[in-house]
1. Rounded to the nearest 5, what % of the DSSP beta bridges within segment 1-156 are antiparallel ones?
2. Residue separation times 0.36 nm, minus the C-alpha to C-alpha distance between THR139 and ARG30: what's the value?
3. Could you give the size of the charge dipole of the chain about its Cα centre, using +1 on the Cβ of each K and R and -1 on the Cβ of each D and E, expressed in debye and rounded to the nearest 20?
4. Could you work out which residue, out of PRO42, PRO177, PRO15, moves most in a Gaussian network model of the chain, that is, has the largest mean-square fluctuation with Cα springs under 10 Å?
5. FRET efficiency for ALA53 and ALA3, Cβ-Cβ distance as r, R0 = 30 Å, nearest 0.05?
6. For THR77 and HIS128, compute 0.36 nm times the residue count separating them, minus their Cα-Cα distance, and round to one decimal in nm.
7. Taking only the alpha-carbon positions of segment 107-153 and ignoring solvent, what does the Debye formula give for the base-10 log of I(q)/I(0) at q = 0.20, 0.28, 0.30 Å⁻¹?
8. For the chain, what relative contact order do you get, as a whole percent, if you take Cα pairs closer than 8 Å and at least 6 residues apart?
Amino acid sequence: MFAISLGDDGAELRPLEPWHAEEYLAHLDRSREHIGRYVPLPDRATDVPSARAYLQRYADSQAADAGRFYGIWLDGTLVGGVLFFAFDAAQGTCELGCWLEESATGRGLITRALRHLVDWAVDVRGIHRVEWHAASRNTASLAVAQRLGMQREGVLRESFVHRGERLDMEVWAVFAPQWRTHRESLGRG
């Protein structure tokens, strides 16, 4: 297994796999309401078997080259993660996603982790279009899209039902050439 350092604060990006089910569930339980405000992850993993099944879903997606799931560990504790919610190498498109415990917010962990995912998608896999979908009310998520150099393309009004409520979802994207320019502007080219 690999671990990618996310900086000097002890944060690491690692694959999040079915054998992490108990750790994943404990992580969700620590911040279930915070994480679940805009994403359904906590509602899909309520016990060890459902957590393992959810992680297996992404292991199967990775095997099919259709998605990937990564955890963010801070000082050895799983505190959040990032993912390729969708990945289509033939079309050159992917969609990113994320979640984070409340105790780990405000440290730039999600942005740092997603930069690695976008670099890999663009530079290694030849992805041309990287998308980000987020609830219009999720200002933290929209700020991540901006920090990644994405542009807002539109709003899908009342398109996502979450916990019985219809949410407006914003679509943001960055193209490979824009990403490379943005990355160079950050001094990471």
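1. Working: 22 of 26 bridges.
If I count the DSSP bridges inside segment 1-156, around 85 percent turn out antiparallel.
2. Numbers: separation 109, 0.36 × 109 = 39.24 nm, distance 2.19 nm.
That pair, THR139 and ARG30, stretches by 37.1 nm at full extension.
3. Values: 22 positive and 26 negative charges, 89 e Å.
I would put it at about 420 debye.
4. Per the Cα network of the chain with a 10 Å cutoff, PRO177 tops the list.
5. On the way: r = 25 Å, r/R0 = 0.83.
Efficiency for this residue pair is about 0.75.
6. Numbers: separation 51, 0.36 × 51 = 18.36 nm, distance 3.34 nm.
My answer for the length gained is 15.0 nm.
7. -0.68, -1.12, -1.20
8. Working: 324 pairs, mean separation 29.9, N = 189.
After rounding, I find 16 percent.
The values are calculated or read from the model by the stated rules, or taken from the named source; none is laboratory data. Since we're looking at a predicted model, the values are computed, not measured. Methodologically, a virtual Cβ is constructed for each residue, glycine included, from the backbone with ideal geometry; neighbour enumeration extends over all protein chains shown. Areas reflect the complete protein model, heavy atoms only, side chains present, ligands, DNA and RNA absent. Shrake-Rupley method; radii C 1.70, N 1.55, O 1.52, S 1.80 Å.
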